[in-house]
Amino acid sequence: MVLKHYINSFRETELKAILDRHGINEVVVVGNMSHMCVDGMTRAAVDFGYTTTVLHDACATLDLEFNGVKVPAAQVHAAFMAALSFGYAPVISTSEYLNR
């Protein structure tokens, strides 16, 4: 178990050491919140050289508001999945991943 206190799951945890010790070079990212932990974890994993995949239908987020503009959760999620798939990792469905 890795207990984290920051958005990036690698920050001030033993996660990287555990993965490296076990020879793991591929990670699959799922969870909450798409715009926070999923985004931070994906970017960090790729930066550390792990082959990284995000399962978009196993992630979620919530409505956000900025400067008086409300952004529905579905749009927040789509925007972050689009950004990750553009430059960081394949973003696919759980069924696509399981059928590989």
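The values are calculated or read from the model by the stated rules, or taken from the named source; none is laboratory data. None of the values given here were measured: they were computed from a predicted structure. Here Cβ is always computed from backbone atoms with ideal geometry, including for glycine, and neighbour counts include all displayed protein chains.
Brief remarks follow.
- When residue 67 is tested against (1) surrounded by fewer than 19 Cβ atoms within 10 Å (Cβ to Cβ); (2) of a type outside the set (A, V, I, L, M); (3) closer than 22 Å to residue 97 by Cα; (4) modelled with pLDDT of 95 or more, just one condition goes unmet, and that condition is (3).
- Within region 1-24, the set of residues being hydrophobic (A, V, I, L, M, F, W, C) and either within 22 Å of residue 60 (Cα to Cα) or part of a loop (DSSP other than H, G, I, E, B) (or both) comprises 1, 2, 3, 7, 10, 24.
This table checks each residue for (1) under 16 Å from residue 90 (Cβ atoms); (2) surrounded by fewer than 13 Cβ atoms within 10 Å (Cβ to Cβ); (3) among the hydrophobic types (A, V, I, L, M, F, W, C).
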| residue | (1), (2), (3) |
| --- | --- |
| 17 | no, yes, yes |
| 23 | no, yes, no |
| 34 | yes, no, no |
| 58 | yes, no, yes |
| 61 | no, no, no |
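- When 46, 27 are checked against the criterion of being assigned to a helix (DSSP H, G or I), touching a Phe, Trp or Tyr at 6+ places or on another chain (Cβ under 6 Å) and among the hydrophobic types (A, V, I, L, M, F, W, C), a single residue qualifies: 46.
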